[in-house]
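The values are calculated or read from the model by the stated rules, or taken from the named source; none is laboratory data. This structure is a prediction, so every number in the text was calculated from the model and none was measured. So basically every Cβ, Gly included, is an ideal-geometry build from the backbone, and we count neighbours across all protein chains shown. Only protein heavy atoms, including side chains, enter the accessible area calculation; ligands, DNA and RNA are left aside. Shrake-Rupley method; radii C 1.70, N 1.55, O 1.52, S 1.80 Å.
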Amino acid sequence: MVHHDTMTGAEILLKALVDQGVDVIFGYPGGAVLPIYDELAKQNRIRHILVRHEQAAVHAAEGYARSTGKVGCVLVTSGPGATNAVTGLADAQCDSVPLVCLTGQVPTHLIGNDAFQEADITGITRPCTKHNYLVKDTNNLARTVHEAFHVARSGRPGPVLIDLPKDVVQNRGLYQPPSKTKSKYNPQVKGDLRAIEQAVEMIAGAKRPIFYVGGGVINSGVAACQLLTQFVRMTGFPCTLTLMGLGAFPGSDPLFLGMLGMHGTVEANMAMHDCDVMINIGARFDDRVTGRLNAFSPKSKKIHIDIDPSSINKNVAVDLSIVGDCAHVIEDMIKVWKARQPKIDERALRAWWSKIEEWRGADSLRYPASDTIIKPQYAIQRLYDLTKSRNPYICTEVGQHQMWAAQHLRLDSPLHWLTSGGLGTMGYGLPAAMGVQTAHPDALVIDIAGESSIQMNIQEMATLVQHNLPVKIVILNNQYMGMVRQWQELIHGARYSESHMDHHPDFVKLAEAFGAVGLRAERPDQVDGVIQEMLAVNRPVIVEMRTDASENVFPMIMPGMAHNEMVLGQEDRSRDNPGSEQDGMVLV
Amino acid sequence: MTDAVQDSNRHTISVLVDNESGVLARVIGLFSGRGYNIESLTVAEVDAHENLSRITIVTSGTRMIIEQIKNQLRRLVPVHKVHDLTIEGPHVSRELALIKVASSGEKRVEALRIADIFRARAIDSTNESFVFEVVGATEKVEAFITLMQPLGLVDVSRTGVVAIARGPKAL
Ligand SMILES: Cc1cc2nc3c(=O)[nH]c(=O)nc-3n(C[C@H](O)[C@H](O)[C@H](O)COP(=O)(O)OP(=O)(O)OC[C@H]3O[C@@H](n4cnc5c(N)ncnc54)[C@H](O)[C@@H]3O)c2cc1C
Ligand SMILES: Cc1ncc(C[n+]2csc(CCOP(=O)(O)OP(=O)(O)O)c2C)c(N)n1
Ligand SMILES: [Mg+2]
């Protein structure tokens, strides 16, 4: 007998997703989730994007989440479907991207029996999710879904997985609305006011200050980015951004020093090294940023604002910490600043800026121009100049092209830059762009790719075509895993072990085989033309640019070196052969 | 800035968690995944009504590492409270050990005599063996085990440390 208040687990699931504001799911079906797919077909509130590989579903949900500020949603089957999603989950965990990933599971009575397509996915993903659940009773399903969304988006965001045994979605149970679901998980968002006042005092008294801002401000939202911009401009202090923070402060603002860290600008890294007050907002002192820890910004007092207490004093001991959400804390800092009208040391600040201008004079992102071969930096600059009026969303893969994009694009708006920073996942960009385009159908969405990375999720070209997602993929084809080749050249005696691929597909034909458009540029004078052609098409496009294979990313802080020991270019090889790899820096 | 090189110290950390499946795996996985040290770990339900368990962990590390351990524990969703008993004021800690000694003659008598000094109770005995139950601070339990070694020690089973703050207040 069917009780009239009860629903099937699949119905409950979809109702819970709708109540959580889900409008798109990225997924791939299989036996364990067929009841859910059956239910999906009966409704039209939630759109399903059918990917070609589960890893891509997760990256697409990351793209959706990071470009909207909402929680991304994924649905995959048990066993291989779930294990294929693991890389995406680890990526989202490293970069603090809010996701809910639904995985099918064998029926509860078969769990532990090595059943067909059984994998202990809650066990496998425990260290690479923010939290995960195995639902054993249909009556707990709605509550679990609501709590999962709450956990994914609250505090430091991250991926949450819900494992759904087949019988749990087939059985009947009661629905519970979000309003009736209370969670014990409620991280602190307001910062301690006394600490905020102390911070304002330290900031106002600074003689050589710098704002070091990271992805936490992006996580906090567009409002946090606006408040940050307001505050930095009120002080007139210089500001540098991490790879994950790009867009949080306008790239075209004169107070912006460019990205810092391993491939950061001279002015950003030198200012970090010589500053007397460092204001870290939503950045985590990553080893790609600090260089050798015992030489990191030795003369500064450090303030650190972060919502996750475990980010504080993890790598670098700080003098003042404020636990809270960036938007709340910056808002309070602005209030205190306005109320106190502090007198800043104008003279010291002028001297500091003139020092910074000196470093800027080094023009550390310059590169040798060429009219015979396409320099990758040139390709990116032209791409930026020809598209910036359309405020594009830029995704990247991982490698040299990613670094050149970070250096040469001067993005002005937040949520428009999507890259895999913490895990550095080759194959992230194309599916992420797919997710962005799904959320913003009329926007210009570009994936800046390397010829090696793009092949890691190239199958998603078919998804783009099927769902009319006109993503533009610009491949900088340097014939090498360039970033690996660069390290081999600079650190391993130019022995290019397995970093060259002797065979690549014909990318133009490949695009056409998928039903997309393929274009190619082989000389600098063809670059503008193919970009314009690409922009004129309202379909997915692959543009292959044949770029200089020998180009390296500079400046570079070699592994184990300090901020004031950058290698500036090919000529400046005085710091080859770094001593040890132990202190701070690791792999490509 | 404080010096990064600091002496490693032992801390007893008390963690109140939801009593749900997987929570112990999360805590242990955190320690092994991040290379932290577990000297002892005990867990049992302490509040059936609220469905809470207490995990008591003895660990060691520099000040920065101990702070990381506590903050990492607080990040886990089913973790409600994390207290460092070592720095939060006076506390008492105890463990219980069951110790099997097989011997005869003079050694058997000596084992009983030492057990008496340690207030260890014999909770099982045969003609050729005893099982002693000893309760106390880790040092006391270890001292007892050391003394039993030459007297026919065959097996040891220990609970690990449980601890609680002194005084009237709850953590
Ligand atoms: C090939 C390669 C090269 C790289 N080179 C560089 C480089 O030169 N320079 C560089 O900067 N990076 C580089 N990276 C990226 C680097 O590995 C890290 O991913 C990056 O530096 C981390 O950025 P972040 O510090 O902003 O932290 P994120 O990973 O973005 O972490 C955000 C921090 O903010 C906190 N937070 C989250 N939400 C909030 C909130 N609402 N309020 C307050 N705090 C919040 C989090 O707790 C966390 O501590 C490179 C990556 C690759 C793959
Ligand atoms: C999945 C994965 N495997 C390996 C690596 C190591 N890795 C980092 S960059 C890189 C080469 C990328 O080559 P390509 O996509 O051609 O970009 P380029 O550096 O040439 O611009 C490799 C192999 C990685 N980051 N991710
Ligand atoms: Mg390449």
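Need pairs with beta-carbon distance below 6 Å; first residue more than 15 Å from A:Gly104 (Cβ to Cβ) and within 14 Å of another protein chain (Cβ to nearest Cβ) and within region A:167-185, second open to solvent by less than 50 Å² (accessible area, probe 1.4 Å) and of a type in the set (A, V, I, L, M); sequence gap 6+ or separate chains.
A:Tyr185/A:Val151; A:Tyr185/B:Val77
Which is open to solvent by 20 Å² or more (accessible area, probe 1.4 Å), more than 9 Å from every other protein chain (Cβ to nearest Cβ) and part of a strand (DSSP E or B), of B:Ser60, B:Ser53, B:Ser14? Please lay out each step first, then the result.
Values: B:Ser53 fails: open to solvent by 20 Å² or more (accessible area, probe 1.4 Å); B:Ser14 fails: open to solvent by 20 Å² or more (accessible area, probe 1.4 Å).
The unique qualifying residue is B:Ser60.
Filter region B:17-29 for residues that are part of a strand (DSSP E or B) and at the interface with chain A (Cβ under 9 Å from one of its Cβ atoms) and give the result.
Let us first name the residues in region B:17-29 that are part of a strand (DSSP E or B), namely B:17-18.
Once the filter is applied, which keeps residues that are part of a strand (DSSP E or B) and at the interface with chain A (Cβ under 9 Å from one of its Cβ atoms), region B:17-29 yields only B:Asp18.
Starting from residues that are of a type in the set (Phe, Trp, Tyr) and more than 24 Å from the chain's Cα centre (by Cα), keep the ones in region A:109-155 and report whichever is nearest to the other protein chains (Cβ to nearest Cβ). Show your work before the answer.
First pass over region A:109-155, keeping only residues of a type in the set (Phe, Trp, Tyr): A:116, A:133, A:149.
After this cut, where a residue has to be more than 24 Å from the chain's Cα centre (by Cα) as well, the list is A:116, A:133.
On the way: A:Phe116: 23, A:Tyr133: 9 Å.
Among them, the one singled out is A:Tyr133.
Assuming A:Glu267 fulfils every condition listed in (1) open to solvent by 10 Å² or more (accessible area, probe 1.4 Å); (2) touching a residue at least 40 places away in the same chain (Cβ under 8 Å); (3) of a type outside the set (Lys, Arg); (4) within 14 Å of another protein chain (Cβ to nearest Cβ) apart from one, which condition is it?
All conditions pass for A:Glu267, except number (4).
Give region A:202-235 a look and list any residue that's assigned to a loop (DSSP other than H, G, I, E, B), closer than 25 Å to A:Pro298 by Cβ and of a type outside the set (Lys, Arg), or say none. Steps first, answer last, please.
Initially, region A:202-235 is screened for residues assigned to a loop (DSSP other than H, G, I, E, B), giving A:205-208, A:214, A:221.
With the extra rule that they be closer than 25 Å to A:Pro298 by Cβ, the set shrinks to A:205-208, A:214.
Within region A:202-235, A:Gly205, A:Ala206, A:Gly214 meet the criteria.
Which one of these is within 11 Å of ligand 2 (Cβ to nearest atom), open to solvent by 30 Å² or more (accessible area, probe 1.4 Å), assigned by TED's automatic domain parsing to the domain that holds A:Pro540 and touching a His at 6+ places or on another chain (Cβ under 6 Å): A:Tyr428, A:Tyr480?
Numbers: A:Tyr428 fails: open to solvent by 30 Å² or more (accessible area, probe 1.4 Å).
So the residue among A:Tyr428, A:Tyr480 that is within 11 Å of ligand 2 (Cβ to nearest atom), open to solvent by 30 Å² or more (accessible area, probe 1.4 Å), assigned by TED's automatic domain parsing to the domain that holds A:Pro540 and touching a His at 6+ places or on another chain (Cβ under 6 Å) is A:Tyr480.
If we scan region B:30-50, do we find a residue that is away from chain A (no Cβ under 14 Å), open to solvent by 70 Å² or more (accessible area, probe 1.4 Å) and of a type in the set (Gly, Ala, Ser)?
Yes: region B:30-50 contains one or more residues that are away from chain A (no Cβ under 14 Å), open to solvent by 70 Å² or more (accessible area, probe 1.4 Å) and of a type in the set (Gly, Ala, Ser).
Only one residue in A:Val151, A:Val160, A:Val169 is open to solvent by less than 40 Å² (accessible area, probe 1.4 Å) and either among the polar types (S, T, N, Q) or in contact with a Pro (Cβ under 7 Å, 6 or more places away or on another chain) (or both). Which one? Steps first, please.
On the way: A:Val151 fails: either among the polar types (S, T, N, Q) or in contact with a Pro (Cβ under 7 Å, 6 or more places away or on another chain) (or both); A:Val160 fails: either among the polar types (S, T, N, Q) or in contact with a Pro (Cβ under 7 Å, 6 or more places away or on another chain) (or both).
So the residue among A:Val151, A:Val160, A:Val169 that is open to solvent by less than 40 Å² (accessible area, probe 1.4 Å) and either among the polar types (S, T, N, Q) or in contact with a Pro (Cβ under 7 Å, 6 or more places away or on another chain) (or both) is A:Val169.
From the list A:Leu349, A:Leu365, A:Leu383, exactly one residue is more than 14 Å from chain B (Cβ to nearest Cβ), under 23 Å from the mean Cα position of the chain (by Cα), within 26 Å of A:Phe211 (Cα to Cα) and in contact (Cβ under 8 Å) with a residue 60 or more places away in the chain. Which is it? It would help to see each step written out before you state the result.
Values: A:Leu349 fails: under 23 Å from the mean Cα position of the chain (by Cα); A:Leu383 fails: within 26 Å of A:Phe211 (Cα to Cα).
Unique residue meeting the criteria: A:Leu365.
Picking from A:Met259, A:Met244, which residue would you name as being within 16 Å of ligand 2 (Cβ to nearest atom), within 25 Å of A:Thr419 (Cβ to Cβ), of a type outside the set (D, E, K, R) and touching a Ser or Thr at 6+ places or on another chain (Cβ under 9 Å)?
Values: A:Met259 fails: within 16 Å of ligand 2 (Cβ to nearest atom).
Being within 16 Å of ligand 2 (Cβ to nearest atom), within 25 Å of A:Thr419 (Cβ to Cβ), of a type outside the set (D, E, K, R) and touching a Ser or Thr at 6+ places or on another chain (Cβ under 9 Å) holds for just one of A:Met259, A:Met244, which is A:Met244.
If only one of B:Leu112, B:Leu147, B:Leu151 is more than 15 Å from the chain's Cα centre (by Cα) and open to solvent by less than 30 Å² (accessible area, probe 1.4 Å), which one is it? Can you show your working first?
Details: B:Leu112 fails: open to solvent by less than 30 Å² (accessible area, probe 1.4 Å); B:Leu147 fails: open to solvent by less than 30 Å² (accessible area, probe 1.4 Å).
Step by step, each of B:Leu112, B:Leu147, B:Leu151 is checked, and only B:Leu151 is more than 15 Å from the chain's Cα centre (by Cα) and open to solvent by less than 30 Å² (accessible area, probe 1.4 Å).
Does A:Asn294 satisfy the criteria of being open to solvent by 50 Å² or more (accessible area, probe 1.4 Å) and either away from chain B (no Cβ under 14 Å) or under 21 Å from B:Ile66 (Cα atoms) (or both)?
On the way: open to solvent by 50 Å² or more (accessible area, probe 1.4 Å): yes; either away from chain B (no Cβ under 14 Å) or under 21 Å from B:Ile66 (Cα atoms) (or both): yes.
Yes: the conditions hold for A:Asn294.
Given the options A:Ile12, A:Ile49, A:Ile36, name the one that is crowded, with 18+ Cβ neighbours inside 10 Å, in contact with a Gly (Cβ under 7 Å, 6 or more places away or on another chain), over 18 Å from A:Ala152 (Cβ atoms) and hydrophobic (A, V, I, L, M, F, W, C). Break it down stepwise before answering.
Details: A:Ile49 fails: in contact with a Gly (Cβ under 7 Å, 6 or more places away or on another chain); A:Ile36 fails: in contact with a Gly (Cβ under 7 Å, 6 or more places away or on another chain).
After applying the criteria, what remains is A:Ile12.
In region A:322-346, which residue that is within 16 Å of A:Ile210 (Cα to Cα) and not aliphatic (A, V, I, L, M) is least open to solvent (accessible area, probe 1.4 Å)?
A:Asp345
Would you check which residues across region B:74-117 are part of a helix (DSSP H, G or I) and facing chain A (nearest Cβ under 9 Å) and list them? Give the derivation first.
Of the residues in region B:74-117, the ones part of a helix (DSSP H, G or I) are B:74-75, B:105-117.
Across region B:74-117, the qualifying residues are B:Arg74, B:Arg75.
Sort out which residues of region A:109-132 are crowded, with 24+ Cβ neighbours inside 10 Å and in a loop (DSSP other than H, G, I, E, B), and write them in order of number.
Within region A:109-132, the first condition is being crowded, with 24+ Cβ neighbours inside 10 Å, and the residues that meet it are A:121, A:125, A:129-130, A:132.
Listed by number, the residues that qualify are A:Thr129, A:Lys130.
Select from region A:402-420 the residues that are under 15 Å from the mean Cα position of the chain (by Cα) and within 11 Å of ligand 2 (Cβ to nearest atom) and write down the one among them that is farthest from the other protein chains (Cβ to nearest Cβ).
Filtering region A:402-420 down to residues under 15 Å from the mean Cα position of the chain (by Cα) leaves A:402-403, A:405-406, A:411, A:413-420.
Cutting the leftovers down to within 11 Å of ligand 2 (Cβ to nearest atom) gives us A:402-403, A:405, A:420.
Details: A:Gln402: 27, A:Met403: 29, A:Ala405: 32, A:Ser420: 21 Å.
Within region A:402-420, the match that is farthest from the other protein chains (Cβ to nearest Cβ) is A:Ala405.
Do we have A:Lys299 as on the phi < 0 side of the Ramachandran plot, within 12 Å of chain B (Cβ to nearest Cβ), surrounded by fewer than 18 Cβ atoms within 10 Å (Cβ to Cβ) and not in a helix (DSSP H, G or I) here?
yes
Can you work out which of the residues in region A:307-318 that are in contact (Cβ under 8 Å) with a residue 24 or more places away in the chain and of a type outside the set (Lys, Arg) is farthest from the other protein chains (Cβ to nearest Cβ)?
Narrowing region A:307-318 to residues in contact (Cβ under 8 Å) with a residue 24 or more places away in the chain: A:307-308, A:311, A:314-316, A:318.
So of that shortlist, the ones also of a type outside the set (Lys, Arg) come out as A:307-308, A:311, A:315-316, A:318.
On the way: A:Ile307: 11, A:Asp308: 7, A:Ser311: 8, A:Asn315: 9, A:Val316: 8, A:Val318: 8 Å.
Only one residue fits best here, namely A:Ile307.
For A:Thr6, only one of the following conditions fails: (1) open to solvent by less than 20 Å² (accessible area, probe 1.4 Å); (2) touching a Lys or Arg at 6+ places or on another chain (Cβ under 6 Å). What is its number?
Tallying (1) open to solvent by less than 20 Å² (accessible area, probe 1.4 Å); (2) touching a Lys or Arg at 6+ places or on another chain (Cβ under 6 Å), A:Thr6 fails exactly one: (1).
How about region A:74-108: which of its residues are surrounded by fewer than 21 Cβ atoms within 10 Å (Cβ to Cβ), among the β-branched types (Val, Ile, Thr) and within 14 Å of chain B (Cβ to nearest Cβ)?
Within region A:74-108, just A:Thr108 meets the criteria.
Select from region A:483-509 the residues that are open to solvent by 50 Å² or more (accessible area, probe 1.4 Å) and within 12 Å of ligand 3 (Cβ to nearest atom) and list them in ascending order.
Selection gives A:His500, A:Met501.
If A:Thr396 satisfies all but one of (1) open to solvent by 20 Å² or more (accessible area, probe 1.4 Å); (2) of a type in the set (Ser, Thr, Tyr); (3) under 23 Å from A:Ser550 (Cα atoms), what's the number of the condition it fails?
Only one criterion in (1) open to solvent by 20 Å² or more (accessible area, probe 1.4 Å); (2) of a type in the set (Ser, Thr, Tyr); (3) under 23 Å from A:Ser550 (Cα atoms) is unmet by A:Thr396, namely (1).
State yes or no: is A:Val71 open to solvent by 10 Å² or more (accessible area, probe 1.4 Å) and either within 16 Å of ligand 1 (Cβ to nearest atom) or not hydroxyl-bearing (Ser, Thr, Tyr) (or both)?
Details: open to solvent by 10 Å² or more (accessible area, probe 1.4 Å): yes; either within 16 Å of ligand 1 (Cβ to nearest atom) or not hydroxyl-bearing (Ser, Thr, Tyr) (or both): yes.
So A:Val71 fits the description; yes.
Identify the single condition in (1) touching a residue at least 12 places away in the same chain (Cβ under 8 Å); (2) buried (at least 16 other Cβ atoms within 10 Å of the Cβ); (3) under 24 Å from B:Val23 (Cα atoms) that B:Glu67 does not satisfy, given that it satisfies every other one.
Going through the list (1) touching a residue at least 12 places away in the same chain (Cβ under 8 Å); (2) buried (at least 16 other Cβ atoms within 10 Å of the Cβ); (3) under 24 Å from B:Val23 (Cα atoms), B:Glu67 breaks only (1).
Which residues, counting only those in region A:454-498, are touching a Pro at 6+ places or on another chain (Cβ under 6 Å) and of a type in the set (Gly, Ala, Ser)?
none
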